[in-house]
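Single-structure report; data block below.
The values are calculated or read from the model by the stated rules, or taken from the named source; none is laboratory data. Model, not experiment: these values are computed from the prediction. FYI the Cβ positions are ideal-geometry reconstructions off the backbone, even for glycines, and counts take in every protein chain you see.
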Amino acid sequence: MRSDFFRFGAFWIFQLLWVWIVSLPVTVLNSPNISAAAPDPIPFGSGSDVVGLIFFIIGMLLETLGDVQKYQWKASSKDQRGLPVCRAGVWKWSRHPNYFGEMLLWWGIWLMSIESANNPGVEDSSRRLLHATVISPIFITILLLFLSGLPTAEKPVQQSVFVKSYKSKLDKNIPHSPQAEDEAIHHQDGGEEDLWEQYKLYLDQTSILFPIPSKVYQSIPKALKTTLLLDWGIYRFDENSPEAQKLIKEISEDHRS
(Lines give C-alpha, C1' and ligand atoms only; values in the text may rest on other atoms or scores of the structure.)
Protein backbone atom coordinates (compact mmCIF):
# COMPACT_ATOMS: atom_id res chain seq x y z
CA MET A 1 0.00 0.00 0.00
CA ARG A 2 2.85 2.41 0.79
CA SER A 3 4.03 2.22 -2.81
CA ASP A 4 0.63 3.48 -4.02
CA PHE A 5 0.43 7.18 -3.13
CA PHE A 6 -3.34 7.55 -3.51
CA ARG A 7 -4.25 4.35 -1.66
CA PHE A 8 -1.86 5.17 1.15
CA GLY A 9 -3.14 8.76 1.26
CA ALA A 10 -6.76 7.60 1.45
CA PHE A 11 -5.88 5.16 4.22
CA TRP A 12 -4.01 7.89 6.15
CA ILE A 13 -6.91 10.34 5.81
CA PHE A 14 -9.37 7.67 6.97
CA GLN A 15 -7.24 7.03 10.06
CA LEU A 16 -7.13 10.77 10.71
CA LEU A 17 -10.92 11.07 10.46
CA TRP A 18 -11.33 7.97 12.61
CA VAL A 19 -9.37 9.47 15.51
CA TRP A 20 -11.09 12.85 15.14
CA ILE A 21 -14.61 11.42 15.05
CA VAL A 22 -14.25 9.07 18.02
CA SER A 23 -12.73 11.82 20.18
CA LEU A 24 -15.54 14.31 19.46
CA PRO A 25 -17.39 13.86 22.80
CA VAL A 26 -14.29 14.83 24.79
CA THR A 27 -13.25 17.53 22.30
CA VAL A 28 -16.63 19.27 22.33
CA LEU A 29 -17.03 18.84 26.10
CA ASN A 30 -13.76 20.70 26.69
CA SER A 31 -14.43 23.43 24.12
CA PRO A 32 -14.85 27.03 25.44
CA ASN A 33 -18.54 27.11 24.51
CA ILE A 34 -19.17 24.25 26.92
CA SER A 35 -16.53 24.51 29.64
CA ALA A 36 -16.41 28.32 29.92
CA ALA A 37 -20.19 28.57 29.85
CA ALA A 38 -20.47 26.38 32.93
CA PRO A 39 -18.80 28.19 35.85
CA ASP A 40 -20.61 25.83 38.22
CA PRO A 41 -20.28 22.40 36.60
CA ILE A 42 -22.97 19.84 37.27
CA PRO A 43 -21.53 17.36 39.80
CA PHE A 44 -20.92 13.79 38.73
CA GLY A 45 -23.68 11.38 39.63
CA SER A 46 -26.48 11.68 37.10
CA GLY A 47 -28.03 8.61 35.51
CA SER A 48 -26.05 9.04 32.28
CA ASP A 49 -22.85 9.53 34.30
CA VAL A 50 -23.31 6.32 36.27
CA VAL A 51 -24.37 4.21 33.28
CA GLY A 52 -21.57 5.71 31.20
CA LEU A 53 -18.97 4.91 33.85
CA ILE A 54 -20.23 1.32 34.14
CA PHE A 55 -20.12 0.93 30.36
CA PHE A 56 -16.60 2.38 30.25
CA ILE A 57 -15.24 0.12 33.00
CA ILE A 58 -16.82 -3.05 31.60
CA GLY A 59 -15.73 -2.14 28.07
CA MET A 60 -12.16 -1.41 29.13
CA LEU A 61 -11.94 -4.66 31.10
CA LEU A 62 -13.35 -6.75 28.25
CA GLU A 63 -11.07 -5.20 25.65
CA THR A 64 -7.97 -5.43 27.84
CA LEU A 65 -8.60 -8.98 29.04
CA GLY A 66 -9.58 -10.06 25.55
CA ASP A 67 -6.40 -8.71 23.98
CA VAL A 68 -4.15 -10.15 26.71
CA GLN A 69 -5.79 -13.57 26.63
CA LYS A 70 -5.69 -13.65 22.82
CA TYR A 71 -1.99 -12.76 22.89
CA GLN A 72 -1.27 -15.52 25.41
CA TRP A 73 -3.19 -18.01 23.28
CA LYS A 74 -1.27 -17.05 20.14
CA ALA A 75 2.02 -17.27 22.03
CA SER A 76 1.17 -20.80 23.15
CA SER A 77 1.96 -23.60 20.72
CA LYS A 78 -0.25 -26.24 22.31
CA ASP A 79 -3.50 -24.95 20.80
CA GLN A 80 -2.32 -24.20 17.30
CA ARG A 81 -3.21 -27.61 15.84
CA GLY A 82 -6.84 -27.41 16.84
CA LEU A 83 -9.50 -24.89 15.93
CA PRO A 84 -8.09 -21.46 15.00
CA VAL A 85 -10.01 -19.79 17.83
CA CYS A 86 -9.20 -18.65 21.34
CA ARG A 87 -11.55 -20.14 23.93
CA ALA A 88 -9.85 -18.94 27.11
CA GLY A 89 -11.22 -16.43 29.60
CA VAL A 90 -13.73 -13.98 28.16
CA TRP A 91 -13.41 -15.69 24.77
CA LYS A 92 -15.51 -18.54 26.15
CA TRP A 93 -18.51 -16.21 26.17
CA SER A 94 -17.97 -14.27 22.95
CA ARG A 95 -16.20 -14.77 19.64
CA HIS A 96 -15.15 -11.11 19.76
CA PRO A 97 -15.18 -9.76 23.34
CA ASN A 98 -12.57 -7.13 22.47
CA TYR A 99 -14.83 -5.63 19.78
CA PHE A 100 -17.78 -5.56 22.17
CA GLY A 101 -15.58 -3.91 24.79
CA GLU A 102 -14.43 -1.27 22.31
CA MET A 103 -18.01 -0.38 21.40
CA LEU A 104 -19.16 -0.30 25.01
CA LEU A 105 -16.21 1.86 26.04
CA TRP A 106 -17.03 4.63 23.55
CA TRP A 107 -20.74 4.55 24.34
CA GLY A 108 -19.72 5.03 27.97
CA ILE A 109 -17.54 8.04 27.17
CA TRP A 110 -20.37 9.66 25.24
CA LEU A 111 -22.89 9.08 28.03
CA MET A 112 -20.55 10.65 30.58
CA SER A 113 -20.00 13.71 28.38
CA ILE A 114 -23.60 14.70 27.61
CA GLU A 115 -24.68 15.66 31.15
CA SER A 116 -22.98 19.04 30.71
CA ALA A 117 -25.58 19.84 28.06
CA ASN A 118 -28.07 20.26 30.92
CA ASN A 119 -26.09 23.14 32.45
CA PRO A 120 -28.21 26.35 32.30
CA GLY A 121 -25.23 28.37 31.05
CA VAL A 122 -24.77 26.31 27.90
CA GLU A 123 -26.31 27.72 24.72
CA ASP A 124 -28.81 25.69 22.72
CA SER A 125 -26.44 25.38 19.75
CA SER A 126 -23.66 24.04 21.98
CA ARG A 127 -26.13 21.71 23.69
CA ARG A 128 -27.22 20.28 20.35
CA LEU A 129 -23.62 19.92 19.24
CA LEU A 130 -22.74 17.99 22.38
CA HIS A 131 -25.64 15.61 21.84
CA ALA A 132 -24.63 15.24 18.18
CA THR A 133 -21.29 13.78 19.25
CA VAL A 134 -23.22 10.50 19.48
CA ILE A 135 -21.69 10.06 16.02
CA SER A 136 -18.56 8.88 17.87
CA PRO A 137 -19.92 5.60 19.32
CA ILE A 138 -22.16 5.11 16.28
CA PHE A 139 -19.10 5.37 14.01
CA ILE A 140 -17.18 2.79 16.05
CA THR A 141 -20.18 0.46 16.13
CA ILE A 142 -20.71 0.66 12.36
CA LEU A 143 -16.99 0.26 11.72
CA LEU A 144 -16.72 -2.92 13.78
CA LEU A 145 -20.03 -4.41 12.61
CA PHE A 146 -19.78 -3.72 8.90
CA LEU A 147 -16.24 -2.72 7.86
CA SER A 148 -12.99 -3.66 9.59
CA GLY A 149 -14.29 -5.75 12.49
CA LEU A 150 -16.64 -8.71 12.21
CA PRO A 151 -16.69 -8.92 8.38
CA THR A 152 -12.93 -9.54 8.26
CA ALA A 153 -12.81 -11.73 11.37
CA GLU A 154 -15.70 -14.09 10.67
CA LYS A 155 -16.49 -15.21 7.12
CA PRO A 156 -12.89 -15.28 5.78
CA VAL A 157 -11.76 -17.38 8.76
CA GLN A 158 -14.69 -19.75 8.33
CA GLN A 159 -13.84 -20.15 4.65
CA SER A 160 -10.19 -20.91 5.42
CA VAL A 161 -11.22 -23.57 7.95
CA PHE A 162 -13.62 -25.11 5.43
CA VAL A 163 -10.91 -25.23 2.76
CA LYS A 164 -8.36 -26.72 5.15
CA SER A 165 -10.83 -29.35 6.33
CA TYR A 166 -11.96 -30.25 2.82
CA LYS A 167 -8.39 -30.59 1.56
CA SER A 168 -7.61 -32.92 4.45
CA LYS A 169 -10.66 -35.04 3.60
CA LEU A 170 -9.50 -35.34 0.01
CA ASP A 171 -6.03 -36.37 1.14
CA LYS A 172 -7.55 -39.10 3.32
CA ASN A 173 -10.31 -40.02 0.84
CA ILE A 174 -13.07 -39.07 3.28
CA PRO A 175 -16.39 -38.13 1.62
CA HIS A 176 -17.88 -34.70 2.24
CA SER A 177 -21.34 -35.70 3.47
CA PRO A 178 -23.82 -34.93 6.27
CA GLN A 179 -23.15 -38.36 7.81
CA ALA A 180 -19.42 -37.64 7.99
CA GLU A 181 -20.20 -34.30 9.59
CA ASP A 182 -22.40 -35.89 12.28
CA GLU A 183 -19.67 -38.36 13.13
CA ALA A 184 -17.06 -35.61 13.36
CA ILE A 185 -19.22 -33.53 15.70
CA HIS A 186 -19.24 -36.39 18.20
CA HIS A 187 -15.48 -36.87 17.91
CA GLN A 188 -14.08 -33.41 18.43
CA ASP A 189 -10.50 -34.56 18.89
CA GLY A 190 -10.16 -35.76 15.30
CA GLY A 191 -7.74 -34.56 12.67
CA GLU A 192 -7.87 -31.60 10.34
CA GLU A 193 -10.59 -33.27 8.27
CA ASP A 194 -12.97 -32.68 11.21
CA LEU A 195 -12.13 -29.01 11.71
CA TRP A 196 -15.03 -27.59 9.73
CA GLU A 197 -17.63 -29.66 11.60
CA GLN A 198 -16.06 -28.69 14.92
CA TYR A 199 -15.94 -25.06 13.86
CA LYS A 200 -19.64 -25.03 12.95
CA LEU A 201 -20.40 -26.44 16.38
CA TYR A 202 -18.28 -23.68 17.93
CA LEU A 203 -20.19 -21.04 15.94
CA ASP A 204 -23.52 -22.42 17.14
CA GLN A 205 -22.38 -22.51 20.77
CA THR A 206 -20.62 -19.14 21.06
CA SER A 207 -22.13 -15.67 20.78
CA ILE A 208 -20.64 -13.62 17.96
CA LEU A 209 -20.41 -10.40 20.00
CA PHE A 210 -22.34 -10.10 23.28
CA PRO A 211 -20.65 -12.02 26.14
CA ILE A 212 -23.08 -14.85 26.95
CA PRO A 213 -22.21 -18.13 28.73
CA SER A 214 -22.17 -20.99 26.24
CA LYS A 215 -24.87 -23.02 27.98
CA VAL A 216 -27.18 -20.03 28.02
CA TYR A 217 -26.45 -19.16 24.39
CA GLN A 218 -27.20 -22.70 23.22
CA SER A 219 -30.68 -22.50 24.74
CA ILE A 220 -31.56 -19.26 22.92
CA PRO A 221 -33.87 -19.71 19.90
CA LYS A 222 -32.11 -19.48 16.55
CA ALA A 223 -34.45 -16.70 15.42
CA LEU A 224 -33.22 -14.53 18.27
CA LYS A 225 -29.56 -15.37 17.59
CA THR A 226 -29.81 -14.41 13.94
CA THR A 227 -31.56 -11.10 14.66
CA LEU A 228 -31.02 -9.31 17.96
CA LEU A 229 -27.81 -11.18 18.83
CA LEU A 230 -26.28 -10.23 15.47
CA ASP A 231 -25.35 -13.68 14.17
CA TRP A 232 -26.37 -12.49 10.72
CA GLY A 233 -25.92 -14.27 7.43
CA ILE A 234 -23.37 -11.70 6.25
CA TYR A 235 -20.93 -13.17 8.77
CA ARG A 236 -21.53 -16.80 7.85
CA PHE A 237 -19.76 -18.92 5.24
CA ASP A 238 -22.40 -21.13 3.62
CA GLU A 239 -20.89 -24.42 2.49
CA ASN A 240 -23.87 -24.96 0.19
CA SER A 241 -23.60 -21.61 -1.56
CA PRO A 242 -22.41 -21.27 -5.18
CA GLU A 243 -19.24 -19.68 -3.79
CA ALA A 244 -18.51 -22.76 -1.68
CA GLN A 245 -19.33 -25.15 -4.51
CA LYS A 246 -16.92 -23.27 -6.74
CA LEU A 247 -14.24 -23.62 -4.08
CA ILE A 248 -14.92 -27.35 -3.78
CA LYS A 249 -14.63 -27.76 -7.54
CA GLU A 250 -11.33 -25.86 -7.67
CA ILE A 251 -9.87 -27.79 -4.74
CA SER A 252 -10.96 -31.12 -6.23
CA GLU A 253 -9.44 -30.27 -9.61
CA ASP A 254 -6.17 -29.23 -7.98
CA HIS A 255 -6.15 -32.44 -5.95
CA ARG A 256 -6.65 -34.62 -9.04
CA SER A 257 -3.88 -32.84 -10.91
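Details
- Scan of the stretch 229-249 for residues that are hydrophobic (A, V, I, L, M, F, W, C), closer than 17 Å to H96 by Cα and part of a helix (DSSP H, G or I), ordered by number: I234
- Meets criteria (of a type in the set (G, A, S), at pLDDT 95 or above and either part of a loop (DSSP other than H, G, I, E, B) or more than 22 Å from C86 (Cβ to Cβ) (or both)) for A223: yes
- Here V68, V51, V90 are screened, and the one residue that is in contact with a helix residue (DSSP H, G or I) (Cβ under 6 Å, 6 or more places away or on another chain), surrounded by fewer than 16 Cβ atoms within 10 Å (Cβ to Cβ) and closer than 28 Å to Y217 by Cβ is V51.
- Those residues of the stretch 227-257 which are farther than 16 Å from Y166 by Cα and of a type in the set (K, R), in sequence order: R236
- Options P137, P97, P156: the member that is surrounded by fewer than 16 Cβ atoms within 10 Å (Cβ to Cβ) and in contact with a Phe, Trp or Tyr (Cβ under 9 Å, 6 or more places away or on another chain): P156
- Elements of type helices (runs of 4 or more DSSP H) contained in the stretch 1-106, each with 2 or more residues being at pLDDT 90 or above: 5-22, 24-29, 47-75
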